[in-house]
Structures are given as structure tokens and as C-alpha cells.
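Enquirer: Let me begin by handing over the structure; questions about it come next.
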Amino acid sequence: MADLSVDFCGIKFKNPVVIASIETTNSPEVIRECVDAGAGGMIIKTLTDIEDMARLTQNSKYAILNEKSEPIRGKVNRNFVFYSRSGYSSTGYREWVPYLKELNKYAEDHGSHLIGSAGGKTVQSWVDICRTIEDCGLPMVELNFGCPHPAMMPGVHGGSMIGQEPDVAEEVTRRVCEAVKIPVVVKLTPDQSRVLEVARAVQRAGAAAVTATNRYTGFSIDIETGSPRLGGPAGIGGVWAKPLSLRWVHRIHTELGMPITGSNGIYDHRDIVEFIMAGAGIVQVGSVLMLKGIKFLPKIIAGLEEFMDSHGYDDMESMFGIASRRSVKDYGEQFRKPRMHSEVNHATCKNPSCTICIQTCFYDTLWQSDGQVGSHLDHCIGCEMCTQTCPFDSIHMHVTSDEQRLSGDFFTISEGVFEPEKFENGFDRGISLSRVKD
Ligand SMILES: Cc1cc2nc3c(=O)[nH]c(=O)nc-3n(C[C@H](O)[C@H](O)[C@H](O)COP(=O)(O)O)c2cc1C
Ligand code: SF4
Ligand code: SF4
């Protein structure tokens, strides 16, 4: 059986599945349920001294939508869209103190970890909340620089407003890191283009890891009434956000080499595997448990174990970052890969009743020819679109041999495209700039 344990920032997790800071971790009872259900860890709902952010949670609103952007009635599947408005922990951080100590002990007794989360009013409050978390014995704290809601709360400062400003994020992180000894994790906001810059800034300030990422801000509309859902902009997430989160996990892992907790877009073990393969050491599971209940958690963990067993991964290390290592650096590198072309299997092809591939090839390669699909292979650019639109798995890609390529019957990438030297001496860039000026 695969070993799911992982060392993250010096802390041993029995498995990488950590419950995100969310409504689930806003109550001692449910935190205990998470421990009982086998969670590797739980991040408490953000502890705060901002009264309005506690009040916001007491007035939360949720719109759970399906792939047609209509409210889900009944079973929730992986297409859900979670549109919501909520704040930080609904009780002030000092009131949590006795519970933090007790829950931390309960977690440790079961081989799990209670992790802190902070969102303060002033820099000093960030420090005070994190010190309180450390004094209660919690082994790690996450700074919530990713919450989308403070930006929509008049008079409140925090969350993504800090996570969008590298200098401010660096300063708050530095002050917290100077004040506590436990590892500090910074939760990033994807609501910006400077994610890497912010990650670099908090790394400089002493953060042990980053969380990539919190959720986006969205705007959802009920087309029957013509009104925005929940009255206007709100936080938004769902599995659709996963590739967007993975982009940042990949870049932070590759370019900064920082430990990462992966968040934003996990439904089940498949999504966890993607986060780990991109370079996340542990992952956070959030909204899916709000919708399906804690009973879904053991299924996620069992699914991960089964996946690893059936795919020959003995431990987390063997999956960690493998996709990021295999990734091309840029499209220039992509162009140096072998050229491919499509071939139709006429034995299984349903043409002429089906013509989908002909309609979805935008390079004039496929055409209708005497009751079967004809191919102008000299036009085929190897884009792979037809292999995916064919409903009968009747088109496959093949590596174009040197002989085929040199015969001139195959499309060739014109000489000089993506030659790195040209970019280095600014030649191509110069041309495109002068074109812009013209
Ligand atoms: C209703 C709701 C409340 C949340 N509250 C917090 C919070 O208090 N602190 C925080 O850091 N993140 C909060 N988050 C963000 C989650 O921790 C998590 O990063 C996000 O939901 C993406 O993960 P998921 O796709 O697994 O839901 C909240 C998310 C939702 C949906
Ligand atoms: S691989 Fe792309 S270009 Fe080639 S036939 Fe298929 S759709 Fe057309
Ligand atoms: S989409 Fe598939 S089945 Fe349909 S015509 Fe093309 S190859 Fe044949």
C-alpha cells in the first residue's frame, strides 16, 4: 500500500489532505469530525479581530450553481460553481483560545494537525493573532492574504487587498515571522497578475510556504430575473478554477522552489494528484466538503491511495512535481518536439453519416471524399483537435518520420520560427515593435 505521509515545512502529515480554512473549520465539533474522518490536518477558519468580518460570516449567503449557471437542486457533482459571500471566523480570536488548545491536543492524539489562520485589523493584530495561535501550541499558521471579501467591505482592510501589494505583503509577513517561531504560510490571491512577485516578496520576508491559491471575485447573473445573484460581486470557485490554480503552483514550484499548499479547485483525489504532480506538498480541500459533508473525506483519501497503488506510486515523493519537471519552459521548447500528423482509421470511422472532424479541422486537412474522410496531409499542422472531437476514437496522431517530412507532403514549420537567438538579440522584437508603430 502506498505511503501517503509527507513532510511539509518540518511537520509530518499522515496524508496530504488538509481541510481548508472555511465554514467547516468554524466550529470545534466539525473540526473534531474532520480529525475522526482521517484528515491530515485542518486549517481553522480565519481568526480575526475585525468585527465586521465576523459579522459578515454571521450573514453569509451561498449560491451553488450547476454547469448551466442555475442553482443546483440535489446531487452535487464536480461541475459545481460555488458563489458566496462570507467573512472570517464568526467569533473573535480570543474566544477561540480554550478550544484551540483542546482541539490541537485532539488532533495530535490522532496523528493530525490543527493549523492556525490569521486575518488582522492592523499589523500589530496580525502579530497578536499569530502569537496567540503559537501560544496555544498549533504547529503552523497561514496568513490570509487571499480573501476576496474585505475589498468589498467598506472600512475594512485585509485579505486580497494585502495579497495584491507585494510591499505590504512582505512587511506583514516579516513582522509575523519575526514574532513567531512556527512556520508561516502565506495564502495568495489569484485576483491579480503579480502572484509570483508577491510569492517572492513573502519568501524574502521569511514565509516557509505559500498557499496557491484562495478564490476569485466574480459576478453571477440570474438571466430569468436579470438580477445579479447574491445582489452583486462575491467570491467564486469550483473545480473549473483548478487549472488556473495549477498554473501558479507550477510557476512557484519551478521558479521559486518554495513549499506549496495547493488550494482552489479540488473535488476528489484526481484533483489532488494534479496539485501534487504540479509541485504542491500538501493540499487543501474546502467547498466540496461544505456541499457533500465530512463523510466525503474518507472517500477522497481512499481514492488517493487507490490511485497511487494502481499507478505504481509508492509514496508522495514519487508523484511530487513530476508534471512540472516534464513541462516545456515556453512554446519555443514545444516547437523543438517531434512533429505529428493525424491518421484516420477508416475501419471504425462512421463517415459519411458523421463529419465532425471535417467541420472542426481549421487547416483544410480533412475533406469529404467518395464516402470517406480524405486527408491533405501537407496541410495537417498536428494540432490534435480532430482526435478529440471524433466521437468514435477513429483518429490518432503519429510522429511524422523524417522521410515523410522531407518528401514535402507534410506541412513544415517555416525555418526560423522561435529561434531563441533571435529573441535574445532583440531582432524579432524590433520588427514587431516597428510594425506596431506603423
Ligand atoms: C464559504 C467559504 C468561506 C471561506 N472562508 C475562508 C476563510 O475564512 N479563510 C480563508 O483563508 N479562506 C477561506 N475560504 C477559501 C477556502 O479556504 C479555499 O481556499 C477555497 O474555497 C478554494 O478551495 P476549494 O476549491 O477546495 O473550495 C472560504 C471559501 C468559501 C467557499
Ligand atoms: S491534427 Fe489538426 S490540422 Fe491535422 S487533421 Fe486534425 S484537426 Fe486538422
Ligand atoms: S469524426 Fe471520427 S467518425 Fe466522424 S468522420 Fe471523422 S474520423 Fe470518422
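Each value in this text was obtained by applying a stated rule to the coordinates, not by laboratory testing. This is a predicted model, so every value here is computed, not measured. Glycine gets a Cβ as well: all are built from the backbone with ideal geometry, and neighbour counts include every protein chain shown.
Enquirer: In the range 336-413, which GluC sites (Glu not before Pro) fall in coil by DSSP and have 13 or fewer other Cβ atoms within 10 Å? Mind showing how you got there, number by number?
Expert: Working: sites: Glu343, Glu384, Glu403; in loops: Glu384.
Loop-located and lightly packed - Glu384.
Enquirer: Let me ask you something else. Is the shape of the range 316-358 best called rounded, prolate or oblate, per the rule: a/c under 1.5 gives rounded, else a/b larger than b/c gives prolate, else oblate, with a ≥ b ≥ c the square roots of the Cα gyration tensor eigenvalues?
Expert: Details: a/c = 3.87, a/b = 2.11, b/c = 1.83.
Since a/c reaches 1.5 and a/b is larger than b/c, the shape of the range 316-358 is classed as prolate.
Enquirer: Dipole of the range 54-201, Cα-centred, from +1 at each Lys and Arg C-beta and -1 at each Asp and Glu C-beta, to the nearest 20 debye? Spell out each step's value before the answer.
Expert: Working: 18 positive and 17 negative charges, 109 e Å.
For this selection, approximately 520 debye.
Enquirer: So, one more: Answer with one residue from Trp240, Gly265, Ser193: the one whose Cα lies farthest towards the positive end of the charge dipole of the range 186-310, charges on Cβ with Lys, Arg +1 and Asp, Glu -1.
Expert: The Cα lying farthest towards the positive end belongs to Ser193.
Enquirer: Now, a different point. With +1 on each Lys and Arg Cβ and -1 on each Asp and Glu Cβ, how big is the dipole of the chain about its Cα centre, in debye rounded to the nearest 20? Walk me through the intermediate numbers first.
Expert: Values: 44 positive and 55 negative charges, 214 e Å.
That gives a dipole near 1020 debye.
Enquirer: Could I ask something else about it? Just in the range 122-219: which GluC sites (Glu not before Pro) are loop by DSSP and have at most 14 other Cβ atoms within 10 Å? Numbers along the way, then the final one.
Expert: Values: sites: Glu134, Glu142, Glu170, Glu171, Glu178, Glu197; in loops: none.
Within the range 122-219, no GluC sites (Glu not before Pro) qualify (loop, at most 14 other Cβ atoms within 10 Å).
Enquirer: Using 7 Å Cα-to-Cβ label points, what is the Thr254/Phe362 separation (nm, one decimal)?
Expert: Taking the two extended label points, one gets 2.4 nm.
Enquirer: Pull up all non-local amide H partners of His379: gap of 5 or more, or a different chain, and H-to-H distance under 5 Å with H placed in the peptide plane.
Expert: Phe411
Enquirer: On full extension of the chain, what length is gained from Arg131 through Thr387, given 0.36 nm per residue of separation minus the C-alpha to C-alpha distance? Before the final figure, lay out the partial values.
Expert: Numbers: separation 256, 0.36 × 256 = 92.16 nm, distance 5.62 nm.
Once the chain is fully extended between Arg131 and Thr387, it gains 86.5 nm.
Enquirer: Hey, another quick one. As an exercise, use a Förster radius of 35 Å and the Cβ-Cβ distance of Asp330 and Glu95 to find the FRET efficiency, rounded to the nearest 0.05.
Expert: E between Asp330 and Glu95, to the nearest 0.05, is 0.10.
Enquirer: Continuing with the same structure: With a ≥ b ≥ c taken as the square roots of the eigenvalues of the C-alpha gyration tensor of the range 1-107, please select rounded if a/c is under 1.5 and otherwise prolate if a/b is larger than b/c or oblate if it is not? Walk me through the numbers on the way to the answer.
Expert: Numbers: a/c = 2.39, a/b = 1.15, b/c = 2.08.
Oblate is the answer for the range 1-107, as a/c is 1.5 or above yet b/c matches or exceeds a/b.
Enquirer: In nm, what is the difference between 0.36 nm times the number of residues separating Arg55 and Phe296 and their Cα-Cα distance?
Expert: 83.9 nm
Enquirer: Just flag the chymotrypsin sites (Phe, Trp or Tyr not before Pro) in the range 327-383 sitting in loop per DSSP whose Cβ has no more than 16 other Cβ atoms within 10 Å. Please list the in-between numbers first.
Expert: On the way: sites: Tyr331, Phe335, Phe362, Tyr363, Trp367; in loops: Phe362, Tyr363.
Here the sparse-neighbourhood loop sites are Phe362, Tyr363.
Enquirer: Classify the chain: rounded, prolate or oblate, from the alpha-carbon gyration tensor (a ≥ b ≥ c, eigenvalue square roots; a/c under 1.5 rounded; otherwise prolate if a/b is larger than b/c)?
Expert: Values: a/c = 1.93, a/b = 1.76, b/c = 1.10.
Prolate, since a/c reaches 1.5 and a/b exceeds b/c.
Enquirer: With r as the distance between the Cβ atoms of Leu244 and Asp3 and R0 = 41 Å, compute the FRET efficiency 1/(1 + (r/R0)^6) and round to 0.05.
Expert: On the way: r = 30 Å, r/R0 = 0.74.
Computed FRET efficiency for Asp3 and Leu244 comes out at 0.85.
Enquirer: What helices does the chain hold that run 15 Å or longer along their axis, going by alpha-carbon atoms, with a Kyte-Doolittle average of 0.0 or more, using DSSP H for the helix calls? Write out the running numbers ahead of the final one.
Expert: Details: long enough: 97-109 (18 Å, -0.95); 123-135 (18 Å, -0.08); 166-179 (20 Å, -0.47); 242-255 (19 Å, -0.75); 296-311 (23 Å, 0.34); 427-437 (16 Å, -0.28).
Membrane-span-like by this criterion, though nothing is claimed about a membrane: 296-311.
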